[in-house]
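As structure tokens, the structure follows; a few thoughts come after it.
None of the figures in this text is laboratory data; all of them are computed from the coordinates on show. All figures in this text were calculated on a predicted structure; none of them were measured in a lab. In this analysis, Cβ positions are derived from the backbone assuming ideal geometry, glycine residues included, and neighbour counts consider all displayed protein chains.
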Amino acid sequence: MAEGIRLRAAVVFVRDLDASVSFYRELLDLEVVDSSPTAALLESADGSQLALRAAGDNAMRALGSIGVQYLAWSTASRADLDRRAEILRRRSAYREIRTDQDIAVVEGRDPNDLTVVIVYAAADQPPMRKLPARIYAW
């Protein structure tokens, strides 16, 4: 890995732990590396991790409140992005796909109605240098 810092793990509070584990395992190719009755730690092949913690059926989460609103995952090819969009469709979790030049973004919702974003950018595409319009759409 090049020197610097990168996101290593994210923690997401969910209503239904089993449904969320199933969703993220299939959509993001994550494996469960540890679990308890109220939490699960999932990991990707590259070592990044997603911890899911059951917060119960009555847990509230207001859009626009303080805290992380969504995470954007990336994929290495457009074919892989399309495969993941199909998983979202099959799970009735697909919302839209947007393409701008050599960047494509698929958006869906997880079992807790949390936004899931997956991005494909061509290898020669530079990192984002402008705020995405998505954050102003609320």
*Pairwise FRET efficiency - residue 5 versus residue 82, Cβ, R0 = 35 Å, nearest 0.05*: 0.70
*What does the convex hull of the alpha-carbon atoms of segment 69-130 project to on average, in nm²?*
4.4 nm²
*In nm, give the distance between the simple-model label positions of residue 123 and residue 49, each being 7 Å from the Cα along the Cα-to-Cβ direction.*
3.2 nm
_Square roots of five times the Cα gyration tensor eigenvalues for segment 1-120, Å_ = 23, 18, 15
*Evaluate Rg over Rh across segment 28-97, taking Cα atoms for both radii and Kirkwood's formula for Rh.*
0.99
*In order through segment 43-50: 3J(HN,Hα) via Karplus (6.51 cos²θ - 1.76 cosθ + 1.60), integer Hz, x for Gly, Pro*: 9, 8, 4, 8, x, 6, 10, 10
_Considering the Cα positions of segment 1-57, please state its Rg to one decimal place and its Dmax as a whole number of Å._
12.0, 42
